[in-house]
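Note sheet for the following structure.
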Amino acid sequence: MAEFSSRHLLGIRGLKRSDIEAVFQNAREFKAVINRPIKKVPSLRDLTVANLFFENSTRTRLSFELAEKRLSADVVNFSAASSSVKKGETLADTVNNILAMKVDMVVMRHPHPGAPHYLAEKIGVPIINAGDGTHEHPTQALLDSFTLTEKLGSLEGKKVCIFGDIRHSRVALSNVLCLKLLGAEVMVCGPVTLIPKHFDSLGVQVGHDVDKALAWCDVANVLRIQLERQGTEVPYFPSLEEYHAGFGITQARLDKLSHRPLILHPGPMNRGVEIASDVADGGDAVILDQVENGVAVRMAVLYLLAGRLGGSED
């Protein structure tokens, strides 16, 4: 059975290609499990996993919780909105109190970049980063790439374009790093205002013409416009309607192409903004495959890190 080289999953940065392949190998086996009548295995029986979400989430939290329960783990859900964090308790104090209850693993989402890395230095159990600010979201990148390997086989030489709000996305960086480890060519495309200047240093192409990018790519991964993160009096684009007209992925744009790229979206979607409904619901979209694969990939990550319990950090 393939193994994982790290005690934690804090991000894609620092992983080996063999780590990603280990996740995929186990995810294929767990996907078979969740598609059979009895959907549970005892792999994490007698282990307790705490889901610490210091930022609102529905899809990711439910996906992790279902993955944990499919592995027969005991699950503790923690929401900062109803916790002592609101009363001034520090992150380390909160987690140490939870660990005093004999928790074996922690899944954490936090609005501040680097929070899971800080935590990993303070406590002695595996940490899985479920999203830290606008930094990384490693399990989303893993499930996106896993979905692509199911559809395309090897990603060596495949052309993947990430469209949309790159600046405020934690998905974008993780996807770029994961795809490049797997040998894909990567482009990011969107308004100049929504693509950080440093992205070209990651070895990706940067484009601002949606039609040219669609003609180039085998895969279009469309990211949500994150209005809640933009928080500025100076807008990054004139209006949602103009964004859709200039940068939205529409059926009319796809109909002009000589080939049909696969369409991904990490969700939740702003239909009629970054993606048209007929594209999201069309035959080229693998968005529901991503949702299903999210459970299997997170089961794989939990299983692999549970296998490192008691081991040393590499």
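Summary table below
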quantity: Unpartnered cysteines - no second Cys beta carbon under 4.7 Å - across the chain; calculated: 178, 189
quantity: Unit Cα scatterers, Debye sum, the stretch 100-185: log10 I(q)/I(0) for q = 0.12, 0.14 Å⁻¹; calculated: -0.43, -0.56
quantity: Once exposed loop trypsin sites (Lys or Arg not before Pro) are cut out (DSSP; at most 15 other Cβ, 10 Å), longest piece of the chain; calculated: 103-255
quantity: The chain: antiparallel DSSP beta bridges as a percent of all, rounded to 5; calculated: 5
quantity: Net charge of Cβ neighbours under 13 Å - reference residue 253; Lys, Arg +1; Asp, Glu -1; calculated: -3
quantity: Cβ-based charge dipole, the chain, positive-most Cα from 14, 98, 137; calculated: 98
quantity: Debye-sum result for the stretch 138-291 in log10 I(q)/I(0), which assumes one identical scatterer on each alpha carbon, at q = 0.14, 0.20, 0.21 Å⁻¹; calculated: -0.61, -1.35, -1.51
quantity: Assigned charges on the beta-carbon of Lys, Arg, Asp, Glu; the chain dipole about Cα centre (debye); calculated: 560
quantity: Size of charge dipole - the stretch 116-171 - debye, nearest 20, with Cβ of Lys, Arg +1 and Asp, Glu -1, no other charges; calculated: 120
quantity: Of 226, 210, 146, farthest towards positive along the dipole that unit charges on Lys, Arg, Asp, Glu beta carbons give the stretch 138-291; calculated: 146
quantity: Magnitude of the charge dipole, the stretch 138-291, Cβ model with Lys/Arg +1 and Asp/Glu -1, debye to 20; calculated: 300
quantity: Antiparallel DSSP beta bridges within the stretch 88-226, as percent of all bridges there, nearest 5; calculated: 5
quantity: Charge dipole of the stretch 138-291 about the Cα centre (unit charges at C-beta), most positive-ward option of 182, 163, 273; calculated: 182
quantity: Span-rule helices in the chain, defined as complete DSSP H runs reaching 27 Å or more along the axis (Cα) with Kyte mean at least 0.0; calculated: 287-306
quantity: Top of 47, 264, 202 by mean-square fluctuation, Gaussian network on the chain, Cα under 10 Å; calculated: 202
quantity: Geometric extent, Cα atoms of the chain - Rg, Dmax (angstrom); calculated: 19.4, 59
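FYI, it's all coordinate maths here, none of it is from the lab. Since the model is a prediction, treat every value here as computed from it, not as a measurement. Because the Cβ atoms are built from the backbone with ideal geometry, glycine has one as well, and the counts that use them run over all protein chains shown.
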